[in-house]
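The values are calculated or read from the model by the stated rules, or taken from the named source; none is laboratory data. What you are looking at is a predicted structure, and each value in this text was computed from that prediction instead of being measured. All Cβ positions, even for glycine, are placed from backbone atoms using ideal geometry, and neighbour counts span all protein chains on display.
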Amino acid sequence: MIGMETLRTKWGRNLKPDNVLLEYPRPQLVRDSYLNLNGYWDLIITDDHSNNKVFEGKILVPFSPEAVLSGVNHVTKPNETLHYRRNVNLPVGFHRGRLIIHFGAVDQIAEVYINDQYIATHIGGFTPFSLDITDYVKTDSFDVLVKVKDYSDNSYHSIGKQRFKRGGIFYSVQSGIWQTVWLESVPQNYLKNLYITPLYDEQSVKFTLDKTNEEEVNVEVSFKGVKQGEIITADKEFIVKLSNLYPWSPEKPNLYDVKITYGEDIVHSYFGMRVFEKRQDKDGLYRFYLNHKPYLLTGVLDQGYYSDGLLTPPSDKAMIEDINLMKKMGFNLLRKHIKIEPLRWYYHCDRLGIIVFQDMINGGNRKDILFHSILALIGIHLPDRLYFLFGRKDQAGRNEYKQELTEMINHLYNTPCIATWVPFNEAWGQFDSKVITEYLKSLDNTRLIDHASGWSDQGIGDYHSRHIYFTPIRFFKSKGKKRINALTEFGGYSLVIEGHLFNKEKVFGYKVFKTKDELAKALETLYLKKVLPQITKGLSVIIYTQLSDVEDEVNGLITYDREVVKVDIEKMKYLNNQLKLAFGRVE
C-alpha cells in the first residue's frame, strides 16, 4: 500500500499475470462452460471535475488499484472514475445460445458496457452480479467496459473496514474489480439458479430451482460415487429422499454430489446434511447444537485481508492454508468479519470442515466508535430506531443495506459451513435489527442469527453476544437461559515480528507482548483461567481476535504476509481441546 512497507505473501511473489485465480469460481453451480477474464485489463482513471486522466495503463484484474499486486499503486478518490476495458475473443464453439458475464465483486458502483453500449449498473461493493449480454454480442470478438465509482466512507454505502483515514482497527480503502470476472455460455433454456435445503430429520433434501421454462429436470444425488436419490420432475420445488444419512460436521465434512440435467443444460453442485439449533441443555442453559448434539464453537475472527492483495486472496492456496492452519490449531469456527469472500473460500470451508459465522457488510455515515463502545462498557444499549445515533438517517442507505443483505443470503445459501448470520457488528450502521432479524428468518430459517455482535444488544436473536477486551470475562446463567452465551470477540493479544510489519511507525494491539514465550503464557492464562470457567455459565461460542495481522493491527496468530506463525500450533490445539473437554463435562 502507498506510503507503507511492501509486504508480499509467497503466493504474491510467485504470481504469474497470465495465471491469476483461474479456478472455477462458483463450486455450488458448476458447468463445463467457463472463460476466465482475469489478467491484464486497460485502465484509465479520470478526474470527474477536470476530465483529465489521472492514470493510464494496465491493471492486473482482479486486484484493486490500491493493492500491490494490481501494479497500479493508486488510491481512488470519490471524484475519480475507473475505466476498465478488455477485448474478449470467444473460443471456437464456446457460444451455446446465451452468453453471461459474471462479476464476483466490484467496489462500489459499477456500470457495464458491451461494445460501448450500456448494459446495467450494480451498486454494492461486496456482492456479485451477472448480466446476460447475448443481444449485445454479434461476433466472437467484443469489448467489455466497466466504469466504477467508489465513495468509500464518504457516503452511506457498504464499506466494511475501509477508511480514507486508515489506522488502528480500520484499513486502507480499495476500489474497483476485486473478485474474478468470467464468462459462461448456456443453452436458450437453462437453470438460472438453485437453492438446496437439507432436511436433516427427514433424511431428505429440498431443491428450489429457478429455470427458464417448465421442462423436466433429472436430479441425481450421490455420495462418494454411490447413488443416494433421484427424481425426474417438472416442478420448481421438490424433495429427494436419501438412501443414507451422512451428517456434515467439522470432524467429518461429508458432502453429497448433485447432478442436474435440464434439457441441454447440465450443472453440478453439492450439499451437506447438517442442522444448526439453539436448544436448552439439561440445566436449562441455551447451547449451540450441531446435528441435535451440544457443540462448543471455538474459533477466530477472520478478516480475510492479505498484505499484497488486500481483500483479494493472492491465490486459491492462500485461502486453503489459512483454513487448514486454524484447523490444525484446534479451531472449528471462523467468523468471517465484515467481508464476503469468493465462493471458493466457502467451498474450502465446506470440504475441509469448519463452521462459519458470516457478517453482513456495514455501512452508514457514523465514523467514530467510542460513543457506542463506552455505552456498552456500562451496560447501556440504545434502541436502534434512533437512526441518527447509528449513522443511518439516510433512507436510501437503509434500503440499499437490505438489498445487499438479500443478495448475500441468496449468494451464500447453499454453503453447508455457514451456521449463523451476523447482520450488525458493534452498532456500525445498525438499524431496526428486530425487523432485519425477522426478515433474515423469512429468507433463511435454517441458520441462527447474532443480530448485534458485541454492542447495542436489542434483546433478540439467538445469541447473547459480547466483545470483551478490557474488562473481566464474565457470563451469567440468567442470560444463558434466554439465549446462547457467546464471546464473539476477545483477546487481540499482539506480538511484533520485525521484518513482517505493514507500518513500522505505528502498531496497534489491545495488549502487547515482546516475545513468543510471553504471548504463549498469556494465551494459556486467558483460555484456561478466564474463558474456560465461563463454560459452566452457558458459554458456547468463543471467538479469538484474530487469524492474522492486518495493517497496523499486529494481534494475529500469524503475520499479515502469512510468513510467521506466532504461536505453537500444538499448544494452541491443546488449549482448544481443554475447552472442548470442559464443555463435554457440562453438556
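In the range 263-287, the residues that are over 30 Å from residue 96 (Cβ atoms) reach residues that are among the basic types (Lys, Arg) and not in a strand (DSSP E or B) with C-beta atoms within less than 6 angstrom, at least six apart or across chains, in these pairs: 276/447; 284/481; 286/483. Just one residue in the set 22, 29, 35, 43 is in contact with a strand residue (DSSP E or B) (Cβ under 9 Å, 6 or more places away or on another chain) and more than 21 Å from residue 146 (Cβ to Cβ); that residue is 29. When every residue of the range 72-86 is checked against the conditions, at least one turns out to be touching a Pro at 6+ places or on another chain (Cβ under 6 Å) and either of a type in the set (A, V, I, L, M) or in a strand (DSSP E or B) (or both).
Filter the range 205-250 for residues that are in contact (Cβ under 8 Å) with a residue 60 or more places away in the chain and part of a strand (DSSP E or B); which is farthest from residue 346 (Cα to Cα)?
Among those residues, the one meeting the criterion is 205.
Residue under question is residue 491, and the condition is that it be over 30 Å from residue 309 (Cα atoms) and of a type outside the set (A, V, I, L, M, F, W, C); does it hold? No: the conditions fail for residue 491.
A search for C-beta distances below 6 Å between a residue of the range 561-587 that is within 15 Å of residue 332 (Cβ to Cβ) and at pLDDT 95 or above and any residue that is surrounded by 18 or more Cβ atoms within 10 Å (Cβ to Cβ) and among the hydroxyl-bearing types (Ser, Thr, Tyr), counting only pairs 6+ apart in sequence or on different chains, returns 575/527; 576/298; 579/298. Only one entry in 478, 453 is of a type in the set (Ser, Thr, Tyr) and over 14 Å from residue 360 (Cα atoms), namely 478. Considering the range 408-426, and only residues there that are touching a strand residue (DSSP E or B) at 6+ places or on another chain (Cβ under 8 Å) and in a helix (DSSP H, G or I), the residue that is surrounded by the fewest Cβ atoms within 10 Å (Cβ to Cβ) turns out to be 410.
In the condition set (1) at pLDDT 95 or above; (2) closer than 22 Å to residue 143 by Cα; (3) not charged (D, E, K, R), residue 93 is compliant with all but (1).
Hey, any hits in the range 162-181 for a residue that's polar (S, T, N, Q) and part of a helix (DSSP H, G or I)? Taking every residue of the range 162-181 in turn, none turns out to be polar (S, T, N, Q) and part of a helix (DSSP H, G or I). Looking at 175, 130, just one residue is out of contact with any Gly (no Cβ under 7 Å at 6 or more places or on another chain), at pLDDT 95 or above, surrounded by fewer than 21 Cβ atoms within 10 Å (Cβ to Cβ) and among the polar types (S, T, N, Q), and that residue is 130. Taking only pairs six or more apart or across chains, which ones have beta-carbon atoms under 8 Å, a first residue in the range 528-549 that is more than 25 Å from residue 359 (Cβ to Cβ), and a second residue that is part of a helix (DSSP H, G or I) and β-branched (Val, Ile, Thr)? Note: pairs meeting the criteria are 536/586.
When restricted to residues that are at pLDDT 95 or above and surrounded by 15 or more Cβ atoms within 10 Å (Cβ to Cβ), the range 503-519 contains 3.
Working carefully through the options 463, 493, find the one that is in contact with a strand residue (DSSP E or B) (Cβ under 8 Å, 6 or more places away or on another chain), over 24 Å from residue 416 (Cα atoms) and buried (at least 22 other Cβ atoms within 10 Å of the Cβ).
Details: 463 fails: over 24 Å from residue 416 (Cα atoms).
When all the criteria are applied, what remains is 493.
Tell me yes or no: at least one residue of the range 531-544 is of a type outside the set (Phe, Trp, Tyr), crowded, with 16+ Cβ neighbours inside 10 Å, on the phi > 0 side of the Ramachandran plot and in contact with a Gly (Cβ under 6 Å, 6 or more places away or on another chain). Yes, the range 531-544 contains a residue that is of a type outside the set (Phe, Trp, Tyr), crowded, with 16+ Cβ neighbours inside 10 Å, on the phi > 0 side of the Ramachandran plot and in contact with a Gly (Cβ under 6 Å, 6 or more places away or on another chain). Considering the range 275-390, there are no qualifying strands (runs of 3 or more DSSP E) wholly inside with 3 or more residues that are of a type in the set (Val, Ile, Thr).
Considering the conditions (1) touching a Ser or Thr at 6+ places or on another chain (Cβ under 8 Å); (2) of a type in the set (Phe, Trp, Tyr); (3) modelled with pLDDT under 95, residue 190 is excluded by exactly one of them, (3). With respect to the stated conditions, residue 52 fails to be within 21 Å of residue 313 (Cβ to Cβ), surrounded by fewer than 16 Cβ atoms within 10 Å (Cβ to Cβ) and of a type outside the set (Phe, Trp, Tyr).
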